[in-house]
Amino acid sequence: MAGRLLLGVIAMLATGSMTSHAQPITISGSVKDSETREPLAYASVQLEGSSSGTTTNEQGSFTIAVSAPLAEKAKLIISFVGYKSETVTLSSHQTRYTILLKPDASALQEVVVVSGTMKEVTKMSSPIPVEVYSPALFLKNPTPSIFESLGMVNGVQPQLNCNVCNTGDIHINGMEGPYTMVLIDGMPIVSSLATVYGLAGIPNSMVKRIEVVKGPASTLYGSEAVGGLINIITKDPATSPTFKTDISATSLREYNADVAVKWNVRKASSLLGINYFNFMNKLDVNEDNFTDVTQQQRISLFNKWDVHRRDNRQASVAVRYVYEDRWGGEMQWNRTYRGSNEVYGESIYTNRAEVIGNYQLPVQQKIFFDYSYNYHLQDSYYGVNAYLARQHVAFTQLRWDKQIGKHDLLAGVPFRYVFYDDNTPGTASADTVNRTNKPMRTFLPGIFVQDELKFSEQFTLLSGLRYDRHNQHGNIFSPRLSAKYSPNKSNTFRLSMGNGFRVVNLFTEDHAALTGARQVIIKNALKPEQSWNVNLNYATNLSHSNGYIGIDASVFYTYFTNKIVGDFITDPEMIIYDNLDGHAISKGITLNTDIAFTSSLKVITGVTLMDVYQVEKNDAGRERKVPQLFAPRLSGTYSVSYSLDRFGLTFDLTGRLNGPMHLPVVPNDFRPAKSPLYTIMNLQVTKTFTSGLEVYAGAKNILNFMPKDPLLRPYDPFDKNITINNPYGYTFDTSYNYAPVQGIKGFAGLRYTIQ
């Protein structure tokens, strides 16, 4: 009897034990990009050898039930389009996992771009060559602004045009800054007055990716997209981390803080980005009694909302505010000298507000309403010369997207309004005194049509035409034609031809020359500046046993006409504007390579060879070739990264190479007319922790390169003693700039992310 009872107890215990072990165990975790640590929404999580599986949610998180017998050595297979799959072996001692997926360049055809055709298409299927850069590239050499980060892009050159106030613009393939259009989420938000100082206030924490199109894009984007465009795509609030911060400092006492916070409110998601930059350490390494780098305090706020609507219709709105206080000048300058002729300084206050949004209409057709508005106020003094300007730019666009058989149609009706007023003769009354406002108002309505015809999987033809009606220049037409041929999935050829135009705002681009009491004369009815471009592009991805190689090469040729130039010499009391009697040319070759090895070594390089010049006619009708300033024949970028995954360490060596470029010298200048061949090289080490913390440190400009004599006659900035010991008649000049006036400097920072 006792034996039977004992056997019964043992059987009950065994049954209970089997039942408890049969209960499933819940496994949870998150899937992220290995480089950016951004969550990957809707990634596939599959239990090997089983039909059980799930996908990550919008925050990149997942939960899956695994039976107890499998929980010890079962394997999860995690996959996501455009990334290499990862296999994770489960352990009975762990129920939560963080899986990092590495981007797979062999799957570049899955990367979505919008800049080339104004609609979401995969990079490899786009008829227009579009270069895509993720924030991971820019984290290899962290900077406090997008303007500086773009120096890592081959063929794109952030150019400082003044050694005192650090005015800057962005050159593409050697073309000057005014010919580059900068978009935020496809909206022409940074232009005219904002190109001078507005680029610095875009928080890096808000950037999802940056798309670059080289060559005219006026058919879709209108004025200013002559040399190319840069489209800054901001993050989606719904898929962004809950909290992310990046705080850094340099040995020169530059401080930068980037913070992003996400929250959900019923049927909407919001992302708030805050950036603060401070550099108030006056340095004069080259001992010319001028600040080496402009002193700055800047704060930028960016708030984006996405509304979750029925049938996944789009609706988003974003606002941005930027305030910046910067100055440069003699070391003894302070605010009491602002606008005086005692101590030289250039002081600029910038206030800027923006609204960007789009709304998909609740109709069966795919019709979108895009809109943007920006206000820019600049209060500045360049020595004793005041430049006070304000600008309003409003933009609306109705676009229709329709698929009809093999035709993928896009049509749009854009409208742009620009209000501009300043204290220069450009907006003054008849006696050249700006007592009565005479602002410039520009109305630019238009219409465009684009047809993408897919003849086969291998061949696609894209054609487009835009018409704009300018209230001063009249009718403007911009055609476009592109062809793409892909013999297989790994090789693609693209041939693009198009026209770009730019309506010049004289007084935002030449304000330094217009601060005097000169009379502005427009000799003839000014025609819009135009360019015609041909671009042949080849892209391929080669996989091998040790990794992959991505190659992207282009040959480009741009013919530029109707350039508007100002004549300051004929009459000292006048500025005479007219179209250039000649043309300009930008031609060259560019090559980008992306090489990755299974040994965790990654190499990204780019090189551009170009010749940029303009052809002018003299009084006798003879032509002469004038090289473009700040356009090096040879330039390149490089990034070498190596990861020790076991220790969570990454080493990054980055840099930019610039060949000799023509500089703005004066007659009998003792300074070289060309810059030397030089490189700015940077080194960084990053330690990644599983808690979401990253710590990084390194050095910039490790070769300690600095330009010589950036200022002419810095000891007499007001030209008070111009006749004393000055046989060549030199005057104070700040435009001789080809490299930062900063030597080697160390930096350190930390990033922390909460999903």
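Some points to look at:
- Scanning the stretch 229-256 for residues that are closer than 24 Å to ARG309 by Cα, surrounded by fewer than 22 Cβ atoms within 10 Å (Cβ to Cβ) and among the small types (Gly, Ala, Ser) yields one hit, ALA238.
- Test: residue in the stretch 290-311 that is at pLDDT 90 or above, over 26 Å from ASN374 (Cβ atoms) and assigned to a strand (DSSP E or B): yes
The rows are residues; the columns are (1) modelled with pLDDT under 90; (2) surrounded by 18 or more Cβ atoms within 10 Å (Cβ to Cβ); (3) assigned to a strand (DSSP E or B).
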site	(1), (2), (3)
GLN684	no, yes, yes
LYS687	no, no, yes
PRO707	no, yes, no
PHE747	no, yes, yes
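- Among residues of the stretch 215-235, those that are more than 13 Å from the chain's Cα centre (by Cα) and either of a type in the set (A, V, I, L, M, F, W, C) or at pLDDT below 85 (or both), counted: 13
- Tabulated pairs, the stretch 202-214, first farther than 12 Å from VAL182 by Cα and assigned to a helix (DSSP H, G or I), second at pLDDT 85 or above and of a type in the set (Lys, Arg), C-beta under 8 angstrom, 6+ apart or interchain: SER205/LYS244; MET206/LYS235; MET206/LYS304
- Residue within the stretch 522-529 that is charged (D, E, K, R), crowded, with 19+ Cβ neighbours inside 10 Å, modelled with pLDDT of 70 or more and in contact with an Asp or Glu (Cβ under 9 Å, 6 or more places away or on another chain) present: no
- Taking every residue in the stretch 38-63 that is closer than 19 Å to ILE754 by Cβ and surrounded by 14 or more Cβ atoms within 10 Å (Cβ to Cβ) and pairing it with any residue that is among the charged types (D, E, K, R) and modelled with pLDDT under 75, at least 6 positions away or on another chain, the pairs with Cβ-Cβ distances below 7 Å are ALA41/GLU58.
Yes or no, residue by residue, for (1) more than 18 Å from TYR696 (Cβ to Cβ); (2) basic (Lys, Arg); (3) at pLDDT 90 or above:
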position	(1), (2), (3)
GLY621	yes, no, no
VAL626	yes, no, no
PHE630	yes, no, no
GLY636	yes, no, yes
VAL640	no, no, yes
GLY648	no, no, no
LEU653	no, no, yes
GLY659	yes, no, yes
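- Of all residues in the stretch 409-424 being at pLDDT below 90 and surrounded by fewer than 21 Cβ atoms within 10 Å (Cβ to Cβ), the one that is farthest from PHE459 (Cα to Cα): ASN423
- For beta carbons closer than 9 Å, sequence separation of 6+ or different chains, a first residue in the stretch 686-703 that is among the aromatic types (Phe, Trp, Tyr) and a second that is outside any strand (DSSP E or B) and surrounded by 17 or more Cβ atoms within 10 Å (Cβ to Cβ), the qualifying pairs are TYR696/LEU139; TYR696/PRO142.
- Residue match in the stretch 324-331 (condition: modelled with pLDDT of 90 or more, in contact with a Gly (Cβ under 8 Å, 6 or more places away or on another chain), surrounded by fewer than 19 Cβ atoms within 10 Å (Cβ to Cβ) and within 29 Å of LEU183 (Cα to Cα)): no
- Leading residue by the ranking (surrounded by the most Cβ atoms within 10 Å (Cβ to Cβ)) among those in the stretch 655-682 that are of a type outside the set (Lys, Arg) and closer than 21 Å to PRO144 by Cβ: ASN682
- Out of VAL293, VAL285, VAL259, sole residue that is of a type in the set (Val, Ile, Thr) and buried (at least 18 other Cβ atoms within 10 Å of the Cβ): VAL293
- The residue that is modelled with the highest pLDDT, among those in the stretch 158-167 that are touching a helix residue (DSSP H, G or I) at 6+ places or on another chain (Cβ under 9 Å) and surrounded by fewer than 22 Cβ atoms within 10 Å (Cβ to Cβ), is PRO158.
- Here the stretch 617-631 is the region considered, the condition is being outside any strand (DSSP E or B) and in contact (Cβ under 8 Å) with a residue 40 or more places away in the chain, and the residue that is surrounded by the fewest Cβ atoms within 10 Å (Cβ to Cβ) is GLN628.
- Scanning the stretch 280-302 for residues that are more than 23 Å from LYS244 (Cβ to Cβ) and of a type outside the set (S, T, N, Q) turns up MET280, LYS282, LEU283, ASP284, VAL285, GLU287, ASP288, PHE290, ASP292, VAL293.
- Hey, GLU287 in the same structural domain as ASP401 (by TED's automatic domain parsing), part of a loop (DSSP other than H, G, I, E, B), out of contact with any Lys or Arg (no Cβ under 7 Å at 6 or more places or on another chain) and at positive phi or not: yes
Conditions (1) under 28 Å from the mean Cα position of the chain (by Cα); (2) at pLDDT 80 or above; (3) part of a strand (DSSP E or B), marked per residue:
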position: ARG435; (1), (2), (3): no, no, no
position: PHE443; (1), (2), (3): yes, yes, yes
position: GLN450; (1), (2), (3): yes, yes, yes
position: GLN472; (1), (2), (3): no, no, no
position: ASN475; (1), (2), (3): no, yes, yes
position: SER496; (1), (2), (3): yes, yes, yes
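- Listing of strands (runs of 3 or more DSSP E) fully contained in the stretch 334-429 that carry 2 or more residues being under 21 Å from GLN296 (Cβ atoms): 345-360, 366-382, 385-404
- If the condition is being more than 19 Å from PRO710 (Cα to Cα) and in contact with a Cys (Cβ under 9 Å, 6 or more places away or on another chain), then the stretch 326-343 contributes only ARG326.
- Of all residues in the stretch 669-684, those satisfying the criterion of being more than 13 Å from TYR738 (Cα to Cα) and either of a type outside the set (A, V, I, L, M, F, W, C) or touching a helix residue (DSSP H, G or I) at 6+ places or on another chain (Cβ under 7 Å) (or both) are ASP669, ASN682, GLN684.
The values are calculated or read from the model by the stated rules, or taken from the named source; none is laboratory data. This one's a predicted model, so the numbers in the text were calculated from it and none came from an experiment. Glycine gets a Cβ as well: all are built from the backbone with ideal geometry, and neighbour counts include every protein chain shown.
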